[in-house]
Amino acid sequence: MKKGFITSIIFMLPVLVYSQQLPQYSQYLLNDYVINTGVAGTKPYWEGKSNHRYQWEGITDAPRTYIVSAYGPSKNMKMGYGGYLFTDIVGPTRRSGLYGSYTYHVKFSEEWKLGLSLSGGIMQFMIDGSKITLREEDDAILTNGVQSAIMPDAGFSFFLHSKKFYFGGSAPQIIANKINFFKEGISTTGRLARHYFGIVGYKFALDEDFVLEPSLLVKYVEPVPVQFETALKIIYKNKLWLGGNFRTEDAISATIGYDYKKSILFAYSYDFITSNLKNYSTGTHEIMIGIRFGKLPSEKISSSF
């Protein structure tokens, strides 16, 4: 019980102060739209994807993350549209967001395009005081009830890409709204912290059957140190892929996935924890299911996953 209580308090702090507030997941290359909405419209078909992440198994009140996204192009491929919904549950806290996006693609040549994207939506933070044991029972900040705050949010992304190369950056929560759990009498200092993501990758065609894709994801939110995540994926006949990730100060991940008839995607990843949490957790599981509809991909080197 003591471990669960301490874990809950530690995990609750990012909700009340500046910290990493957006959900983390290992399969960012498979559902890259959630990281960078400029991806919408880069492929000639629509995609719907769902990620389920069960983090730090064995630790009481560990994070549970659920993400659903859908995105695709306009008929002339000059624009992209999309949206996503996520819920991140950590002990007595819950963060949920609903977003939509619009992307315009600037065509530099037959090979190169730049997607410029604006996104907006709402974010909700909730704290269930009934799940927290307080030292002072009359603490005015947390009661036995549920405290909730809803606020608007917006972000910006760019995504430069060709058939083999991609480079992008995004800034979600750019307006940094205050998180106010109480309407009057008590002030809180929490905010939606500005996040900054950068991603770069390249697809190497090894032969007619194999494609090798290294990538790098950089994440920053003040005052948390910059986090780097490197990934390497090998794709066989645009159907089967194996991959590995290394996330600094956190974990090493292994991923396997399958593309069924260019229509349905399945993927599973497992995180081997490298931080001190490895003494308490057996690891992290993540599952992704996706579906494509509309015009199906035909390129030999595909950016479909």
For region 190-210, how many residues meet the condition of being aliphatic (A, V, I, L, M) and at pLDDT 95 or above? 2
Would you call ILE179 at pLDDT 95 or above and aliphatic (A, V, I, L, M)? no
Within the set of pairs 6+ apart or on separate chains, which have a first residue in region 101-114 that is hydrophobic (A, V, I, L, M, F, W, C), a second that is not in a strand (DSSP E or B), and C-beta atoms under 6 Å apart? TRP112/SER162
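Mind checking which strands (runs of 3 or more DSSP E) fall wholly inside region 233-297 and carry at least 3 residues that are surrounded by 15 or more Cβ atoms within 10 Å (Cβ to Cβ), touching a residue at least 24 places away in the same chain (Cβ under 8 Å) and of a type outside the set (Gly, Ala, Ser)? Outline the logic, then answer.
Values: elements: 240-247, 251-260, 264-273, 283-293.
Correct list: 240-247, 264-273, 283-293.
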Got a sec? Which of LYS49, LYS43 is closer than 23 Å to ALA231 by Cα, assigned to a loop (DSSP other than H, G, I, E, B) and of a type in the set (Lys, Arg)? LYS43
Hey, PHE204 hits all of (1) within 20 Å of LEU160 (Cβ to Cβ); (2) surrounded by 14 or more Cβ atoms within 10 Å (Cβ to Cβ) but one; which does it fall short on? (2)
Just to be sure, is TYR54 assigned to a strand (DSSP E or B) and buried (at least 17 other Cβ atoms within 10 Å of the Cβ)? no
What is the number of the single condition among (1) under 30 Å from GLN124 (Cβ atoms); (2) surrounded by 15 or more Cβ atoms within 10 Å (Cβ to Cβ); (3) modelled with pLDDT of 90 or more that VAL226 does not meet? (2)
Scanning region 42-64 for residues that are over 11 Å from THR282 (Cβ atoms) and of a type outside the set (S, T, N, Q) gives LYS43, PRO44, TYR45, TRP46, GLU47, GLY48, LYS49, HIS52, ARG53, ASP61, PRO63, ARG64
Name the residues in region 28-50 that are touching a Leu at 6+ places or on another chain (Cβ under 8 Å) and farther than 22 Å from SER162 by Cα, would you? LYS49
For region 76-99 the number of residues that are touching a strand residue (DSSP E or B) at 6+ places or on another chain (Cβ under 8 Å), farther than 15 Å from ASP32 by Cα and without any contact (Cβ under 8 Å) to a residue 24 or more places away in the chain is 1
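The values are calculated or read from the model by the stated rules, or taken from the named source; none is laboratory data. Since the model is a prediction, treat every value here as computed from it, not as a measurement. Methodologically, a virtual Cβ is constructed for each residue, glycine included, from the backbone with ideal geometry; neighbour enumeration extends over all protein chains shown.
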